[in-house]
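Below is one structure, written out as structure tokens, with a few remarks after it.
Values in this text are rule-based calculations from the coordinates and carry no lab data. Since this is a predicted model, take the numbers as computed values, not measurements. When we count neighbours, we look across all protein chains shown, and the Cβ atoms used for this are built from the backbone with ideal geometry, even at glycine.
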Amino acid sequence: MTEAVDLRPDDPRSALFVPATRPERIAKALASGADAVIVDLEDAVAEAAKTAARADLEQALLAAPELRVWVRINSAAHPAHGADLALCQRLEQVRGVVLPKAESAAQIDHVLAMTAKPVWPIIESACGLDRLKEIAKAAGVERLVLGGLDLGLDLGLESGTAAAERLLDQARFRLLLEGRLAGLPAPLDSVFPAIDDLPGLATATRSARDQGFGGLLCIHPRQVAVVHDTLTPTQTEIDWAQRVIAASQGDLGVFVVDGKMVDAPVIGRAQRLLRRLGRTLCSVRQS
């Protein structure tokens, strides 16, 4: 039996979109090093092509039983929602469901009831943000995802401006807070739309990391390596964390490393950094 390709679904740094209209790209996306691949039945598929895209995706996955992917279905208000759910339910290769424009716990409950698979709700409307607490606590939610472009559109923000980012940072805080209170892993940040601006992507990834996010949605394979490299601790950071952990073994309470005070929160930060390193090494071994 062929072993399933299940790329670290429980702790993704990157989730790479693939249009359902191009199922031949799924294997290439999985080979890109992305921690998760999301086949998109929503925005990447024209209205007239929804039925054909579902059929093409099903045929492609049935022909490759070893693959494991996520599927972004159409929103709860879309006519194709039910058919998308049925597809996700019957295909073992669909690891979980990405729900766009999530706006209530009832929508999550319906996805879970119909598919029995974990859900990543994308928060990309004012209503979704307003109901984030109930969404985060709904059964079946594996992690929260920010849809910054659609949220900005719904709120009337000028996408890409510093002012828009200031407001979106407030939404990021809400995802971080409600996810933490619900016991969820770190959320995933929105896509970075400028495919050729890799330095800009690195800056956005550092910001997401420093804000407590676990990773980003990606729209092109070349973005994956930048996201991973940016999230990987530097050797200087690793050396500092190891010195802190080594010094903490003496149970001294408060002590000094590199001329700076170290107490429980600093030790916790060092431990978190080394966990991030372990996550990277695990990903390298499995690639």
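Just need log10 I(q)/I(0) for the stretch 115-260 at q = 0.09, 0.13, 0.15, 0.21 Å⁻¹, Debye formula, equal scatterers on the alpha-carbon atoms, no solvent, rounded to two decimals.
-0.36, -0.69, -0.85, -1.24
With θ taken as phi - 60° and the coefficients 6.51, -1.76 and 1.60, list the Karplus ³J(HN,Hα) couplings across the stretch 142-153 in order, rounded to whole Hz; mark glycine and proline as x.
Values, residue by residue: 8, 6, 9, 9, 8, x, x, 5, 5, 5, x, 5 Hz.
Considering only DSSP beta bridges with both partners in the chain, what is the antiparallel share in %, to the nearest 5? Spell out each step's value before the answer.
Numbers: 3 of 28 bridges.
Here the share of antiparallel DSSP bridges comes out near 10 percent.
Need one word for the chain: rounded, prolate or oblate. Basis is the Cα gyration tensor (sqrt eigenvalues a ≥ b ≥ c); a/c below 1.5 gives rounded, then a/b vs b/c decides.
Verdict is prolate for the chain.
In debye to the nearest 20, how big a dipole does the stretch 38-89 give about its Cα centre with +1 on each Lys and Arg Cβ and -1 on each Asp and Glu Cβ? Each step should come with its number before you reach the end.
Values: 4 positive and 8 negative charges, 21 e Å.
For this selection, approximately 100 debye.
What's the center-to-center distance, using Cα atoms, between the stretch 83-156 and the stretch 215-237 in Å?
Cα centres, the stretch 83-156 to the stretch 215-237: 25 Å.
So how strong a dipole does the chain carry about its Cα centre when Lys and Arg Cβ are +1 and Asp and Glu Cβ are -1, to the nearest 20 debye? Working shown, then result.
On the way: 32 positive and 37 negative charges, 120 e Å.
Dipole size: approximately 580 debye.
Explain nothing, just the number: dipole magnitude of the stretch 1-128 about its Cα centre with +1 on each Lys and Arg Cβ and -1 on each Asp and Glu Cβ, in debye rounded to the nearest 20. Can you show the working numbers first?
Values: 13 positive and 18 negative charges, 24 e Å.
Dipole size: approximately 120 debye.
Would you grab the residues whose amide H sits under 5 Å from the one on V18? Only those 5+ places off in sequence or on another chain, please, with H modelled 1.01 Å from N.
I38, V39, D40
Can you compute the modelled spin-label distance between L198 and D130, with each label point 7 Å from Cα toward Cβ, in nm?
Those two pseudo-labels are separated by 4.3 nm.
With an 8 Å cut-off on Cα pairs and a minimum separation of 6 or more residues, tell me the relative contact order of the chain in percent.
Details: 503 pairs, mean separation 42.0, N = 287.
It comes to 15 percent, rounded to a whole number.
Between R180 and Q249, what FRET efficiency comes out of the Förster formula 1/(1 + (r/R0)^6) with R0 = 30 Å and r the beta carbon distance, rounded to 0.05? Mind showing how you got there, number by number?
Details: r = 28 Å, r/R0 = 0.94.
Rounded to the nearest 0.05, the efficiency is 0.60.
May I ask which residue of L181, V244, T234 lies farthest towards the positive end of the charge dipole of the stretch 174-253, with charges of +1 (Lys, Arg) and -1 (Asp, Glu) on Cβ and the Cα centre as origin?
It is L181.
Around V257, which amide H atoms from residues at least 5 apart in sequence, or from another chain, sit under 5 Å from its own amide H, with H modelled in the peptide plane?
V262
Amide H to amide H, which residues 5 or more places from V98 or on other chains are under 5 Å from it, using H placed in the peptide plane?
Close amide H contacts, sequence-distant or interchain: V71, R72, I73, W120.
Students often check this: by mean Cβ neighbours within 10 Å, which of 214-222, 93-101 ranks highest, and how do the rest follow? The partial results should precede the final answer.
On the way: 214-222: 21.7, 93-101: 24.0.
Final packing ranking: 93-101, 214-222.
Need one number: nm distance between label points at A27 and K260, each 7 Å from Cα along Cα→Cβ, rounded to one decimal.
Spacing of the two 7 Å Cα→Cβ label points: 4.8 nm.
Output the pairs from K133/K260; K28/K133; K101/K137 with a Cα-Cα distance over 28 Å in this structure; if there are none, say none.
Values: K133/K260 38 Å; K28/K133 37 Å; K101/K137 17 Å.
In this structure, K133/K260; K28/K133 exceed 28 Å between Cα atoms.
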